[in-house]
């Protein structure tokens, strides 16, 4: 299983992945932190991304994606991160650490981490 950050999920739904990202995502089931759902809705609401949240394909994809809840263990893991970012990114990275699942992200700040497992 892979843990997708918000932008990777958005790029996947929009068909804007790199060839390497497509290969990785085609081989593994998808998972996301619960905060990713909130971010997608908020970014859509604010007009920062265009996404039809009622589109049957979007709903099918999101329904088939595993969602990890935000737990005390994940929140505690944030204190061990070796980078600082916005709270959503920290929750997403900590989710990968707690569940030992590779994170897919393009975020340079997160990718510098020596603690977060990456795809």
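Measure nothing fancy, just the Cα-based angle from helix 87-99's long axis to the longest principal axis of the chain, in degrees from 0 to 90, nearest 10. The answer is roughly 70 degrees. By the count of neighbouring beta-carbon atoms within 10 Å, fewest first, 85, 113, 33, 26 end up ordered 26, 85, 113, 33. In percent, rounded to a whole number, the relative contact order of the chain is 33, using alpha-carbon pairs under 8 Å and six or more apart.
Taking square-rooted eigenvalues a ≥ b ≥ c of the alpha carbon gyration tensor, is region 2-111 rounded, prolate or oblate, where a/c under 1.5 means rounded and, failing that, a/b exceeding b/c means prolate? Note, shape of region 2-111 comes out prolate.
Of the peptides 103-112, 39-48, the ranking by mean beta-carbon count within 10 Å, highest at the top, reads 103-112, 39-48.
Relative to one another, the C-alpha centroids of region 35-114 and region 1-32 are positioned 12 Å apart.
Every number here is computed from the coordinates shown, using simple stated rules; none is lab data. If you're wondering where the values come from, they're calculated on a predicted model, not measured in any experiment. Backbone-built Cβ (ideal geometry, glycine too); neighbour counts: all protein chains shown.
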